[in-house]
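Each reported figure results from applying straightforward, stated rules to the coordinates on display, with no laboratory input. All values reported here derive from a predicted model rather than from experimental measurement. As a convention, Cβ positions derive from the backbone with ideal geometry for all residues, glycine included, and neighbour counts pool all protein chains shown.
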């Protein structure tokens, strides 16, 4: 590559890489950190509900009973907008129910027994917070999703410019200088992790950009392929729709619909059973089916109120374009593979996501060290970056504690308040290394408190995933303590008085 790229191009790529990376470092880190956690988002939701009854497969009778219970609750609340039952085929070994009132902007999420009876609320305060942070940056849906998509495009540009800015990046793939100049250490760490995981970085940024820019893609698709008909273009993403009609109508018979989908796809399982605008002539039944041999998470099939099959999203057996669109989300979050392979895929995505977080922070660290080496140290910026790097995981731990104690607590105001407080604390003019150690102490202390709170609220979990997450949190706390002790060891040795021998 070195002979193919001119020095001027390399210099331009390096400048673009540094500029965009530094300007967006905090937002990129937020998206990478929240996205890494959302790889195990279903497991986090199970951790929030560790006593929920587990099952391997839901029966048709249980799904219908749960859906009817949701319809009754929604009607009592004065809405007929949307009710959905989620089964273990969606990824979590639980049966749950959700009904939504779109006009009021409210919803209820409920835990359901294996036989279809409603047991009580299902708590998703912390996992819901992470989803909205990663998908929308807690902005209104369309502008938030578009902004995240644009950041994905810029991240893709940063990755490509980084490769072009380092002609020897592949030749030096295993070069790692340790024990010398800290800036060179960080540069080698930054470059090695970038090269080793390059296919992953390109995959998640590209798929994230496309998913985020869905609105723009929909508009372009409608004009390019459907002569400006946005409804036909939208059907590519959501499947066929039933026309809105408020006239009263009896509820559809659900058992024949479930039998029909089973006959069409005998090897698939129902992941979600939903009904929209129920009790009206415009009602529709949506069945999302999952198949372990397919890359797409699910394929949605639509039935009208008379039980007639209208079509699907074609995620499993449609044209290449429809299948490619359906593959974006599982590729982005690492939710694919046969049952024996899926946990390994998630673990790989979790580690690679952590590497992407490390690449982001090492890039900022290189800039700070370069300034220090040139006599223009920026301790204020160092403290602010530490407030983001270590402050955000600390804030996540505090929010998780809050949602355990008060499941309905408003997480967004708490996050904004804690984030603003962390940045204000970072403005206090103390030594940057002192500030860094304090963040380590706070984070390493918060994780055992989080585990203790979880056990105090829920008792000993029935779900082994909750035990595994608690063990992982304790391991992270121990690693932080070891890192803190290692960083403090040199200064301790240098400041301790030399022992006098007689």
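Axis of helix 125-136 versus longest Cα principal axis of the chain: the two differ by about 80°, to the nearest ten degrees.
Report relative contact order for the chain in percent, whole number only (criteria: Cα-Cα under 8 Å, sequence separation at least 6). Contact order relative to length: 17 percent.
Restricting the calculation to Cα atoms, every distinct pair contributes to the Kirkwood radius of segment 339-390, found to be 12.9 Å. Neighbour counts of other Cβ atoms within 10 Å put 422, 487 in the fewest-to-most order 487, 422.
Roughly how far apart, in whole Å, are the Cα centres of segment 356-403 and segment 411-443? Using only Cα atoms to place each centre, the spacing works out to 10 Å.
For segment 367-415, take the alpha-carbon Rg, divide it by the Kirkwood Rh, and send me Rg/Rh.
Here Rg/Rh amounts to 1.28.
Could you work out the per residue convex hull volume over the alpha carbons of segment 70-141, in cubic angstrom?
Working: hull volume 7.5 nm³, N = 72.
Roughly 104 Å³ of hull volume per residue.
Kirkwood radius, segment 290-396, all distinct C-alpha pairs, inverse of mean reciprocal distance: 17.9 Å.
Over the chain, DSSP H runs of length four or greater, each weighted -39,500 (n - 2.57), average out per residue to a 222 nm ellipticity of -20000 deg cm²/dmol. Working from Cα pairs under 8 Å separated by at least six residues, relative contact order for segment 15-148 is 23 percent. Its convex hull of Cα atoms gives segment 1-128 a direction-averaged projected area, equal to a quarter of the hull surface, of 12.6 nm².
Ranked by the mean number of other Cβ atoms within 10 Å of their residues, highest first, the peptides 90-100, 347-357 come out as 90-100, 347-357.
From the largest down, segment 405-471 spans 47, 26, 16 angstrom on the principal axes of its Cα atoms.
Rounded to whole Å, the principal axis extents of the Cα atoms in the chain read 94, 59, 40, largest first.
Tell me the angle of helix 379-389 to the major Cα principal axis of the chain, expressed in degrees between 0 and 90 and rounded to the nearest ten. Helix 379-389 sits roughly 30 degrees off the main axis of the chain. With all projection directions averaged, the alpha carbon convex hull of segment 67-106 covers 2.9 nm². Relative contact order, percent, of segment 375-430 when contacts are C-alpha pairs under 8 Å separated by at least 6 residues? Relative CO of segment 375-430 lands at 54 percent. Working note: Debye formula, equal point scatterers on the alpha-carbon atoms of segment 33-108, no solvent; log10 I(q)/I(0) at q = 0.11 Å⁻¹ is -0.35. Put in line by how crowded their Cβ is, counting other Cβ atoms within 10 Å and starting with the fewest, 275, 359, 64 read 64, 359, 275.
The orientation-averaged projection of the convex hull spanning the C-alpha atoms of segment 68-191 amounts to 12.7 square nanometres. The long axis of helix 411-426 is offset from the longest Cα principal axis of the chain by roughly 10 degrees. Label separation (residue 56 vs residue 253): 3.2 nm, computed from points 7 Å beyond Cα along the C-beta direction. Of all DSSP beta bridges confined to the chain, the antiparallel ones make up roughly 100%. Estimated translational diffusion coefficient (Stokes-Einstein, Kirkwood radius over Cα pairs, 25 °C, 0.890 mPa s) of segment 264-338: 187 µm² per second.
Maximal additional length on extending the residue 378-residue 487 stretch stands at 37.2 nm, based on 0.36 nm per residue less the C-alpha distance.
Estimated translational diffusion coefficient (Stokes-Einstein, Kirkwood radius over Cα pairs, 25 °C, 0.890 mPa s) of segment 367-501: 143 µm² per second. Grab every C-alpha pair in segment 22-76, bin the distances at 10 angstrom width from 0 up to the longest one, and report whole percents. Computed distribution, short to long bins: 18, 23, 28, 18, 11, 2.
Just want the ordering: 176, 129, from fewest to most Cβ atoms lying within 10 Å of their own Cβ. Write out the running numbers ahead of the final one.
On the way: 176 12, 129 22.
Result, fewest neighbours first: 176, 129.
The ratio of the alpha-carbon radius of gyration of segment 132-205 to the globular-protein estimate 2.2 N^0.38 Å is 1.41. Segment 104-155 and segment 2-61 have Cα centres spaced 16 Å apart.
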